[in-house]
Structures are given as structure tokens and as C-alpha cells.
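Take a look at the structure set out below.
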């Protein structure tokens, strides 16, 4: 294996390794982001013969899948998925994730929670010992967004995060809007020592729709490295 792999090469290798988790007749969730797009492109030539039912986590992914010849189903109709394959912005201990850099965190979490198994694909730089270097995305309703952002910052401080700097994605003049019509507030936490506690506190804030902490959802992570794809797996008692 070449040690001259680019980050994109690592993403592609992880995405292609995830094809091993796709079996005929599966109901499959398709993630959002650059690594997930590699997976969708690798999957497309096989999808028809595998007789898959696919659900997308964003309008962008749905459009790509249709462009590549796949029929995209509605989760309301499918209801339950066998596997979801998605990327991550950070992969921490116990496969706790930060997701939402692409703005699809709410739909990504809904789809992952509807799946028996979530397979994470990422490059080696995404693996961290402590979450928080990547700003934590929090999806919030537009109404009184400043008040909500202030309460998110307060929660981060109370949880012992390294910092709690808030930024409205896109800025006030042209705020980024999710597929569900909400805003995203990014919290530059630097370090999140207790993701579970922060998740609980964020979920209690009126105005917060959901957050990018994915806890107890991923069961395996395929990490592209310069020396090949590394598998991070949970102990069986945790993964079930």
C-alpha cells in the first residue's frame, strides 16, 4: 500500500471497503458528505443487481443517487433499514461521533437511528482521542436563534468544554438553511470531555432541533489510512 495516498484516496478506500457490508435485498441508508459520495458512486454499478432499497440522508445525496440510476425511497415507506453507511467529521473513543459538517445532521441521525447498523467511513485524520476540535454543529430553529445560540454556549461551558465560541453558519446576512428549513449554529468547543452530558443538555434547550453528537449509533468504523483500511469495532456487548 502506497504511503503517498491523499486524504481523498483514504476516503475512497474506506468507502469501497464498506461495500462488503452491503448484501442483496438490503434496505440501505446513504449518508451525506464527500466520503459518503465516494460510497454512493462505488455502490451505483452494483445497486440494481443487488435489488437494494435505498434511503438518502439529504437532498444532495438523493440527487446523486438518482443521477447514478438508483431509485431513492422515502423512509416513511421503508420504515426500517438494515444498514446505513455514512461519514463523520470526528470519530472519538467508543465510536462517538461529531457529524453535521455538511448540514444534514438531523436527517442523518433519523436515518441512522432507523438502522440496525451504522457503518462509518472516514479518513485517518478524523480519528481523535477527544472530540471537539471540529466545531460541533447544532441544528436550531430560526426563531430567536441568538437566544438559542447563547444557551448552547452556556451548556458547553457548564460541560467543561475547552471553549464555547458560537457562529451562525453562513452568517446573519445569508444563513445556511438545512433541508428541513432550520439554521445551523457551530460551537467551537475545542474539547468536549463529556459528550453524553453535553448531548443531554443540548437536547433540553428549547430551539435546539438536534445536535451533531452521535452517541450509541455507530457500530463499526472503516478508517482509510496510508497503510490500508483499519476497522474500529465496538465490543459485542456495546455494538448490539
Ratio Rg/Rh, restricted to the stretch 99-240 and using Cα atoms, in which Rh is the Kirkwood radius
0.98
Distance (nanometres) between label positions extended 7 Å along Cα→Cβ at residue 230 and residue 158:
3.6
Net length gained if the chain between residue 133 and residue 23 were fully extended (0.36 nm per residue, minus Cα distance)
36.1 nm
Distance (nanometres) between label positions extended 7 Å along Cα→Cβ at residue 143 and residue 50:
4.2
Can you tell me which of 216-223, 140-147, 114-121, 71-78 comes out highest on packing, and rank the rest after it, using the mean Cβ neighbours within 10 Å?
114-121, 216-223, 140-147, 71-78
Rg(Cα) / (2.2 N^0.38 Å) computed for the chain, rounded to two decimals:
0.99
What FRET efficiency comes out for residue 150 versus residue 42 if R0 is 41 angstrom and r is the Cβ-Cβ distance? Round to the nearest 0.05.
0.45
Listed with the fewest Cβ neighbours within 10 Å leading, 161, 187 appear as 161, 187
Could you tell me, in Å, what Rg and Dmax come out for the Cα atoms of the stretch 37-78?
9.6, 26
If I model a spin label as a point 7 Å beyond the Cα along the Cα-Cβ vector, how far apart are those points for residue 59 and residue 216 in nm?
3.4
Can you list, bin by bin at 10 Å, the percent of alpha carbon pairs in the stretch 136-208, starting at 0?
22, 55, 22, 1
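Where a number appears in this text, it was derived from the coordinates with a stated rule and is not lab data. None of these values were measured; they are calculated from a predicted model. Heads up, the Cβs are rebuilt from the backbone with ideal geometry, glycines too, and the neighbour counts pull from every protein chain shown.
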